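A.B. asks: The structure under discussion is supplied below as C-alpha cells; questions concerning it will follow.
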Amino acid sequence: MPDFPGTVNFPTSRDTAVSLIEAPLLPASTTLSADINTSALSIPLASVANLSASGIATLVDSLTAPTKLEKVAFTSISGSSLVIPSGGRGVYGTTAQTWTASPTTYVLQYVGGEHHNKLAAALIAVEGALD
C-alpha cells in the first residue's frame, strides 16, 4: 500500500516524505481549473507552482471570509492536477464537497498543524524505540 499523507509508518516500516506530510518551501496558492464533485480523485489546478510533490492542500471558496473548506491529502502531482488517494478527500475533520472553477475555488498549501503533529508523532515513536 502506498504511503498516505499523515500516516506515521514507524516502527512497522520507515516513514517517507509522503507519510510525514511534505510541506512547501513557501505558502502556495492557486485555483481550480475545472469543477470537481465529491468523489473526484484528481484535482485540476491553474498552476502547481510552489506546491510540494505531495502533502495536504486546503480548498476554500474565499481567501478573506471562507464559508466552505475542505482539506485533501495528495500523494503526487500529475501534469497540473493533484493526485488524491482513496480516502484523501475531506481529511482532518473536513468533508468532501463539490467545488467549482467559477466562482473561484482557491487551493492553498502551507505548513499547518497536521504537518507538525505528524513529525512530532514520528519523533516520539523513534524515541520510544530507543528505550
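A.B. asks: Take the stretch 90-120 and flag every residue that is at pLDDT 85 or above, open to solvent by 40 Å² or more (accessible area, probe 1.4 Å) and of a type outside the set (Ser, Thr, Tyr).
C.D. replies: 93, 97, 103
A.B. asks: Separate question: Is there a residue being under 17 Å from residue 56 (Cα atoms), of a type outside the set (A, V, I, L, M, F, W, C), in contact with a Ser or Thr (Cβ under 8 Å, 6 or more places away or on another chain) and in a loop (DSSP other than H, G, I, E, B) anywhere in the stretch 114-125?
C.D. replies: For the stretch 114-125, residues under 17 Å from residue 56 (Cα atoms), of a type outside the set (A, V, I, L, M, F, W, C), in contact with a Ser or Thr (Cβ under 8 Å, 6 or more places away or on another chain) and in a loop (DSSP other than H, G, I, E, B): absent.
A.B. asks: Residue 91: within 10 Å of the chain's Cα centre (by Cα) and not in a loop (DSSP other than H, G, I, E, B), yes or no? Full working, then the answer.
C.D. replies: Working: within 10 Å of the chain's Cα centre (by Cα): yes; not in a loop (DSSP other than H, G, I, E, B): no.
No; evaluated as a whole, the condition is false for this residue.
A.B. asks: Just to verify a result, which residue in the stretch 55-84, among those that are part of a loop (DSSP other than H, G, I, E, B) and in contact with a Phe, Trp or Tyr (Cβ under 6 Å, 6 or more places away or on another chain), is nearest to residue 31 (Cα to Cα)? Working first, answer last.
C.D. replies: As a first pass, look at the stretch 55-84 and keep what is part of a loop (DSSP other than H, G, I, E, B): 61-68, 75, 79-80, 84.
With the extra rule that they be in contact with a Phe, Trp or Tyr (Cβ under 6 Å, 6 or more places away or on another chain), the set shrinks to 63, 84.
Values: 63: 11, 84: 16 Å.
Going through the qualifying residues, I end up with 63.
A.B. asks: Scan the stretch 4-46 for residues that are out of contact with any Leu (no Cβ under 8 Å at 6 or more places or on another chain), surrounded by fewer than 18 Cβ atoms within 10 Å (Cβ to Cβ), modelled with pLDDT under 90 and not hydroxyl-bearing (Ser, Thr, Tyr) and report the count.
C.D. replies: Going through the stretch 4-46 one residue at a time, the tally reaches 7.
A.B. asks: Let me ask something else. Just the residues that are over 10 Å from residue 59 (Cα atoms) and among the polar types (S, T, N, Q), please, taken from the stretch 30-43.
C.D. replies: 33, 37, 38, 39, 42
A.B. asks: Whether any residue in the stretch 32-43 is closer than 15 Å to residue 109 by Cα, in contact (Cβ under 8 Å) with a residue 24 or more places away in the chain and part of a loop (DSSP other than H, G, I, E, B) is what I want to check. Steps first, please.
C.D. replies: We begin by selecting, within the stretch 32-43, every residue closer than 15 Å to residue 109 by Cα; these are 32, 43.
Then drop every residue that is not in contact (Cβ under 8 Å) with a residue 24 or more places away in the chain, which leaves 32, 43.
Now restrict to residues that are part of a loop (DSSP other than H, G, I, E, B): none.
Within the stretch 32-43, none of the residues are closer than 15 Å to residue 109 by Cα, in contact (Cβ under 8 Å) with a residue 24 or more places away in the chain and part of a loop (DSSP other than H, G, I, E, B).
Results for (1) of a type in the set (A, V, I, L, M, F, W, C); (2) open to solvent by 50 Å² or more (accessible area, probe 1.4 Å), shown as yes or no for each residue.
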site	(1), (2)
48	yes, no
57	yes, no
78	no, yes
85	no, no
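A.B. asks: Enumerate the pairs (first residue in the stretch 58-82 and within 19 Å of residue 19 (Cα to Cα) and touching a residue at least 60 places away in the same chain (Cβ under 8 Å); second residue anywhere and β-branched (Val, Ile, Thr) and open to solvent by 40 Å² or more (accessible area, probe 1.4 Å)) with beta-carbon separation below 7 Å, excluding pairs fewer than 6 apart on the same chain, so at least 6 apart or on different chains.
C.D. replies: That search, which allows pairs on different chains as well, returns 74/83; 75/83.
A.B. asks: Let me ask you something else. Taking the conditions exactly as written (under 17 Å from residue 112 (Cβ atoms), of a type in the set (A, V, I, L, M) and surrounded by fewer than 16 Cβ atoms within 10 Å (Cβ to Cβ)), does residue 63 satisfy them or not?
C.D. replies: yes
The values are calculated or read from the model by the stated rules, or taken from the named source; none is laboratory data. Quick caveat, the model's predicted, so the values are computed rather than measured. Cβ coordinates were reconstructed from backbone atoms using ideal geometry, including for glycine residues, and neighbour counts include every protein chain displayed. Remember, those area values only see protein heavy atoms, side chains included, never the ligands or the DNA or RNA. Shrake-Rupley method; radii C 1.70, N 1.55, O 1.52, S 1.80 Å.
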